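The values are calculated or read from the model by the stated rules, or taken from the named source; none is laboratory data. None of these values were measured; they are calculated from a predicted model. Neighbour counts run over all protein chains shown; Cβ positions are idealised from the backbone, glycine included. Areas reflect the complete protein model, heavy atoms only, side chains present, ligands, DNA and RNA absent. Shrake-Rupley method; radii C 1.70, N 1.55, O 1.52, S 1.80 Å.
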Amino acid sequence: MASSDLGAPSSPRVWPVCATLALSAPALLAFNLPPSATFLNQAAALVGWGGFLLVLAAVLPGRCRPLGAGLTAVLAALALLMGASLASPLWAGLPWSLSLSGVGMIGAAMLALLVGATAQAQGMGAAAFRVLCIGLVVAGVASSLVGIAQVFAPDWPDGDWIARTYIAGRAVGNLRQPNHLSSLLVWGCIAAVWLAETGALRRWVGTALALLFIFVIVLTASRTGTVSVVLLAAWAIVDTRLSRGTRIVLLLAPLAYLAFWLGTSAWADYSRHVFGGETRFTTKGDISSSRWGIWSNTSSLIAMHPWAGVGFGEFNFAWTLTPFPGRPVAFFDHTHNIVLQFAVELGLPLATGVLALLAWALWSAWRGAQDSSRRAALVMVLMILLHSLLEYPLWYAYFLLPAAFAFGLCLGQPAVAGAALSGKAWPLIVASALLMLGGAASVIDYSRVVAIYAPGEGAGPLAQRIESGKSSLFFAHQADYAAATTGDHPADALAAFRRAPHNLLDARLMIAWAKALNESGDTDRARYVAQRLAEFHNDAATEFFAPCADKVKLAAARPFQCEQPSRSFTYEDFR
């Protein structure tokens, strides 16, 4: 344990409570309302983190040491991303509702960075990291119990308090994604080990918690989780300043994972229960879950648009409306790799600048990781960045904000000895309060589209609810989706297709869009959209393409979806 950690001031009593709520509420909230399966979890993260950052900022002095190079670099990278989000509606057609959502999330990440860095600069970094770890351990334990119930007592989950797993024999937690649960638990392992390292937990308690988290990571059968457990051992190898006991625990983590895997597999075979991990790495299908395919398609898109990219938030739109005969059959809304995501959406010059700034910030954090709290915080950041090379966890507030806060703790510059500090950090206090209010307001805003997809008693006519939803600040595109896909004549809602396809183009929306274009006389564009849909070989489009296999109907008349367009198009022709 580093001496700087020994002398760290204790945290106010309210800090652990606020940190636990900020981390646990999003992870444990099973109840959600359509059309989004994760919105309420993200709103809970925004409100909870706004409160946590507020109580931290309230005790920080107003005068701070100037920003270091690393923190300046990551803030500059986020500012570039925010600018790209604001520019995308102007030239790429991204709806303002999606643009403003992106701006809000990036702004929240900047705030978490600054509060973390300021806390570190004022000598409160270790105390702030301690309460972050306490919150992660509590969230990890509760989520582990949920995961265990999902696998060993699959009849218990009711969908409201414990989410039902959609993959037999695999733990998904209340976040409903195995990869998300595994990453939360990897963070829990780091937190438990560090708390034991610093004496906040007894050594055996920290080890027991780490073993519990590793066991449930096994139950998720997440491949990202498997790699992350191996990296726990790498942490022990690289960080030679850890105590001998802690390094042993971390080095044995992969062996514990293997033992739990074999034990659970044996239990499943003996008891005739399902363990999803048994076939996870042994199936003859694509072990990458179509990632090789989507990465190949993304590389082709980058080659087509190397300079300015396809526009922030526009990957799904551009990819879906670009011919890829051998494309993956799933409707991907993300490249599942943060480097490729930046490259395809921002263009190579801007993406290179953003990635270079982030790399410089990581290097600065590595050089400045002198005490154990900074090193453990850096490991948390590196773990979620590893996940970001295979998924997109940082697009979720409940991962983005803890990661940004931990990164801020890594990058904060020590205060100058003897410097006079006074006043309150009012900009951070006000921004944190606005984050809380913004998160709460987003729930009210979301209720406008919930009324479309899950109307309560006394709800008005669908058309009226759709019109109300179109006035939503952040979710108007969801109202457009309903308008585009529920009418008997899609051409009557042709204006809805200006926004709805920019969120996620799925089979239902593509069928409606093709019909709307055909009904309005734009048959060639309709054929193009239909041909792109055909590349997905989606079951939902079987009926739509059925006439194309009926020789009798084809002899009488050839439906538009059975014909190739007479001229070429690109996705830009549909903005």
Within the accessible area of the chain (1.4 Å probe), percent carbon and sulfur: 65
Cα gyration tensor of region 469-508, axes a ≥ b ≥ c as square roots of the eigenvalues: rounded (a/c below 1.5), prolate (a/b > b/c) or oblate? oblate
Where does helix 96-121 land angle-wise versus the long Cα axis of the chain, in degrees 0 to 90, nearest 10? 10
Less than 13 Å Cβ to Cβ from His334, Lys/Arg counted +1 and Asp/Glu -1: what total charge do the surrounding residues give? -3
For the chain, what does the helix formula give at 222 nm: sum of -39500 (n - 2.57) over DSSP H segments with n ≥ 4, over the residue count, nearest 500 deg cm²/dmol? -20500 deg cm²/dmol
What's the extension gain from Ser471 to His489 if we count 0.36 nm per residue and subtract their Cα-Cα distance? 4.2 nm
Charges only on Cβ, +1 for Lys and Arg, -1 for Asp and Glu: so what's the dipole of the chain about the Cα centre, in debye to the nearest 20? 1360
For the chain, take the longest principal axis of its alpha carbons; what is the angle in degrees between that and the long axis of helix 39-57, to the nearest 10 within 0 to 90? 30
Once Ile444 and Ala79 are pulled to full extension, the length gained, defined as 0.36 nm per residue separation minus their Cα-Cα distance, is 128.6 nm
So, over other residues within a Cβ distance under 15 Å of Ile248, counting Lys, Arg +1 and Asp, Glu -1, the net charge is +2
Rounded, prolate or oblate: which one fits the chain, using the alpha carbon gyration tensor with axes a ≥ b ≥ c (rounded when a/c is under 1.5, else prolate when a/b beats b/c, else oblate)? prolate
Grab the other residues whose beta carbon is less than 12 angstrom from that of Leu262, score K and R as +1, D and E as -1, and report the net. -2
Rounded to 0.05, the calculated FRET efficiency for the beta carbons of His273 and Phe331 at R₀ = 41 Å is 0.80
Shape call for region 188-306, from the Cα gyration tensor axes a ≥ b ≥ c (a/c under 1.5 means rounded, otherwise prolate when a/b beats b/c, else oblate), comes out oblate
